[in-house]
Amino acid sequence: MHQAASHIIVIELAPPDEAVPRIKLLTSSAAAFLGYTEQELIGSPVDLIYAAEHDKVLWRAALADVIAGKEREPGAVSFACDILTKTKQKIRASISLSLLSPRTADKTGIVLLIQDKPTDSAEDFSTKSALAESEERFRQMAEMTGEWLWEQDPDGYYSYSSTAVTQILGYRQEEVLGKHYTEFLAPQDKVDQQRYVTSRRPFYALLSHYRHKDGRQILTESTGLPIIGSEGKLLKWRGVDRDITARMHFQDALIESEKRIRLIIDSSLSAIVIMDAYGIVIDWNRPAEKIFGWSKEEAIGQRLDQLIIPPAQRDAHRRALGHFLRTGFGPFINRLIEQTAIRRDGTEFPVELNFSPLKQGNTYIFSGFIHDITERKRLEHRFQQAVESAPNAIVMVNKTGTIEMVNSQTETSFGYSRTELVGQPVEILVPERFREAHTGFRQAYLAAPVSRPMGVGQELYGLRKDGTEFPVEIGLSLIDSKEETLVLSTIVDITTRKATEAAIRQAQINLAIAQSEIKIAQRIQASLSPSAPIKSNHFEVTGYCLPADQVGGDYFDYFYRDENHLDMIIADVSGHSIGPALFMVETRSAIRTQAGGLGTPAKTLNVLNNFLFEDLDKSDYFITLFYLQYDLSNHQLSFANAGHPPPLLLSSFQSECRQLDADGLILGVYKNVVFEEKTTTLSEGDLILLYTDGLTEAENAAGEFFGLKRVNDILVEHGQETPQAIIDALMEQLKQFCGSESFNDDITLMVFKRN
């Protein structure tokens, strides 16, 4: 009998069952047989291959039989029909259907074997022959691809591996074959992925952590399909791993870079706005929210000119933007200029701004740095009013340097009467050390007289009658008449200005110091808390901290004191600056120093209190702290309290939490304080919530506290979930209750759960 050519198509049926299945995978021969490329068919409805409606009826009946489990009856899911190619050619073929894997609630995988030269009856199809042919093609393709293709037996032991395993993991094929797949996984995946071998369910794009032969970690994207026999028995696993280590490292680096840029933008003292080439806002930092009154969410997507530019100036802004996009030049680009801006409430105010273009492909984005100079303008106006109400000293001299006239302010500034000055050389008002040079400057000015300041780039001083000197600025103007040549000197006493400039310089120094302190405190705080949860077969613990300001006063920690004891700490240091941050460092250092010993919670608090007493006694800060210690061998929990809100313990299937409390003062009040220590035993499923008072004392718009009752209800509702899910639920409902993403006090949460 002539051996017919076989082709394989894998389809996926998603609920509801009446939905048309779509093509998931197919062999290249199947695509060629139908006249398509593989890419054209993947994702398409499988109905397109049937030529006539009665063929589709046969197909649907066979599909229903497969879903109903009738494929175990020989010939029950095979049928003959006309296949329609891409060029509308009809080809007579026989089709056999079988389940790829057991049906699930999510989806069902089904294999179609198409034979283009059917025998007299569909029952003559040889599914085993087609599968053998498919496997041979699979192995041939595996050797030509850079991805690691593999097969495992039903127990998860490798029975086939393509050569790409050497490139990805560093192992030769023979080193992989016969080994269980978990032997090559990193520790964090060994437990999580153990279930796949018994699940009989396919998995797609699963992130896997492997250990390279040289010890480094390799990240792959894993896809695996169970191969199910005609009797529903798992024959093998077939899958592919794609190396995404470089891509993930690049993504992580990109995310970190974006976080740093976001932090810089949001911590800037200037309003920073970024717009695209259409004038649409694409970024808007916190100072911009404060200055203009528009939130970031409201501003992004709006035209910048509609948000901050007064109506009378908007056309000019748009013309300038269009001119730059056409020519590459603009009057406002890369220049520091003063302009009038408008707030959300319609009030206008002066700003100093600078817009810089950034080329991105064939277009631009524009970053703007904007300062509100209302206060500066107000001070300048005051200064001008002061000058008008108290005129500067004015001295008029002739071409020989003799004083001809002075005003009353000259008398006040220099201490001479008018009669004492008129007729005297102007050098009488100049300190002796400058007089000889001043005579030469005066003569040079008369040789080329123009209105200008005197002594540009030099510090000038005036001399009072009492011999004291004071800094001045002098403006020179020529009064040329037929009678004589006169020079008008306007003399400004800049003593106050010099003092102001010195004060501004000192203020700038103080500001830089304060900013540096905040940055130091932020770095300190970021280094205190654990970087990741601790998970084991017996328990899981994780924490979360949301500072109310740039630097918070809360602190939490958890660590293994030894192989049998886990220590957990939560603390609240008063204040939000470098001081509390340093106390947190001191507290953490003292606790970690004690971690090597056999200290109990109460003893640790006693040592910590004595260690911190003198520092806290000399400062305005205080610390509340709760200390727990969990014995892994007998599941016993010991705890002591230093004035901190008691944690909540929720036992399995209970509807109320109980507080874990013990007597103890806040740290730093007295030396040699005795802290009470209590114990309790934890059962499976028990969970503990540690928190700071920022959680329970958060208020909504009506002034109502979030309170312990709401916390209790949330813990009961989500008690069966993971610690991270419980924290997420608490924070989500807190934000809904307060109607805000930020809060007046730091909020720190830590959840421990026994498995």
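Among the residues that make up the range 235-251, is at least one of them within 20 Å of residue 363 (Cβ to Cβ) and either free of Cβ contacts under 8 Å to residues at least 12 places away in the same chain or among the β-branched types (Val, Ile, Thr) (or both)? Can you show your working first?
First, the residues of the range 235-251 that are within 20 Å of residue 363 (Cβ to Cβ): none.
No, every residue in the range 235-251 fails to be within 20 Å of residue 363 (Cβ to Cβ) and either free of Cβ contacts under 8 Å to residues at least 12 places away in the same chain or among the β-branched types (Val, Ile, Thr) (or both).
Taking the stated definitions as given, is residue 611 closer than 27 Å to residue 582 by Cα, surrounded by 16 or more Cβ atoms within 10 Å (Cβ to Cβ) and in contact with a strand residue (DSSP E or B) (Cβ under 8 Å, 6 or more places away or on another chain)?
Numbers: closer than 27 Å to residue 582 by Cα: yes; surrounded by 16 or more Cβ atoms within 10 Å (Cβ to Cβ): yes; in contact with a strand residue (DSSP E or B) (Cβ under 8 Å, 6 or more places away or on another chain): no.
When the stated conditions are applied, residue 611 does not pass them.
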Quiz prompt | Test for residue 281: is it without any contact (Cβ under 8 Å) to a residue 40 or more places away in the chain, open to solvent by less than 60 Å² (accessible area, probe 1.4 Å) and not in a helix (DSSP H, G or I) | solution = yes
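Does residue 105 fit the bill of being part of a strand (DSSP E or B) and at pLDDT below 90?
Details: part of a strand (DSSP E or B): no; at pLDDT below 90: yes.
No, not satisfied.
Does residue 577 qualify as being at pLDDT below 85, surrounded by fewer than 18 Cβ atoms within 10 Å (Cβ to Cβ) and under 22 Å from the mean Cα position of the chain (by Cα)?
Values: at pLDDT below 85: yes; surrounded by fewer than 18 Cβ atoms within 10 Å (Cβ to Cβ): yes; under 22 Å from the mean Cα position of the chain (by Cα): no.
Against the criterion (at pLDDT below 85, surrounded by fewer than 18 Cβ atoms within 10 Å (Cβ to Cβ) and under 22 Å from the mean Cα position of the chain (by Cα)), residue 577 does not qualify.
Search the range 334-385 for residues being small (Gly, Ala, Ser) and in a strand (DSSP E or B), and hand back the single one that is surrounded by the most Cβ atoms within 10 Å (Cβ to Cβ). If you could, list the steps in order and put the result at the bottom.
Step one: filter the range 334-385 for residues small (Gly, Ala, Ser), giving 341, 346, 356, 361, 367-368.
Right, trim to in a strand (DSSP E or B) and you get 341, 356, 367-368.
Details: 341: 22, 356: 12, 367: 15, 368: 20.
The residue in question is 341.
For every residue, the table says whether it meets (1) touching a Phe, Trp or Tyr at 6+ places or on another chain (Cβ under 7 Å); (2) open to solvent by 50 Å² or more (accessible area, probe 1.4 Å).
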| residue | (1), (2) |
| --- | --- |
| 687 | yes, no |
| 694 | yes, no |
| 698 | yes, no |
| 704 | no, yes |
| 711 | no, no |
| 716 | no, yes |
| 729 | no, no |
Quiz item: Can you name the number of the only condition in (1) exposed (fewer than 15 other Cβ atoms within 10 Å of the Cβ); (2) β-branched (Val, Ile, Thr); (3) closer than 30 Å to residue 422 by Cα that residue 327 fails?
Solution: (3)
Practice problem: For residue 449, work out the one condition from (1) assigned to a loop (DSSP other than H, G, I, E, B); (2) surrounded by fewer than 16 Cβ atoms within 10 Å (Cβ to Cβ); (3) at pLDDT below 90 it doesn't fulfil. | Solution: (2)
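Yes/no per residue for (1) surrounded by fewer than 20 Cβ atoms within 10 Å (Cβ to Cβ); (2) at pLDDT below 80; (3) in contact with a Pro (Cβ under 7 Å, 6 or more places away or on another chain):
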{"residue": "537", "(1), (2), (3)": "yes, no, no"}
{"residue": "541", "(1), (2), (3)": "no, no, yes"}
{"residue": "554", "(1), (2), (3)": "no, no, no"}
{"residue": "573", "(1), (2), (3)": "no, no, yes"}
{"residue": "582", "(1), (2), (3)": "yes, yes, no"}
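For the range 459-501, give me every one of the strands (runs of 3 or more DSSP E) that falls completely inside it and has 2 or more residues that are within 17 Å of residue 433 (Cβ to Cβ).
Numbers: elements: 460-463, 469-480, 485-493.
Correct list: 460-463, 469-480.
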Quiz item: Which of the residues belonging to the range 689-710 are among the small types (Gly, Ala, Ser) and assigned to a loop (DSSP other than H, G, I, E, B)?
Solution: 698, 701, 702, 703
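Just wondering, is there one or more residues in the range 736-748 that are β-branched (Val, Ile, Thr), outside any loop (DSSP other than H, G, I, E, B), without any contact (Cβ under 8 Å) to a residue 40 or more places away in the chain and open to solvent by less than 40 Å² (accessible area, probe 1.4 Å)?
Of all residues in the range 736-748, those β-branched (Val, Ile, Thr) come to 747-748.
In the following step, the residues that additionally are outside any loop (DSSP other than H, G, I, E, B) were identified as 747-748.
Next, from what is left, pick out any that are without any contact (Cβ under 8 Å) to a residue 40 or more places away in the chain: none.
The answer is no; no qualifying residue exists.
The values are calculated or read from the model by the stated rules, or taken from the named source; none is laboratory data. Predicted model only: the values in this text are computed from it and were never measured. Heads up, the Cβs are rebuilt from the backbone with ideal geometry, glycines too, and the neighbour counts pull from every protein chain shown. The area values use the complete protein model at the heavy-atom level, side chains included, leaving out ligands, DNA and RNA. Shrake-Rupley method; radii C 1.70, N 1.55, O 1.52, S 1.80 Å.
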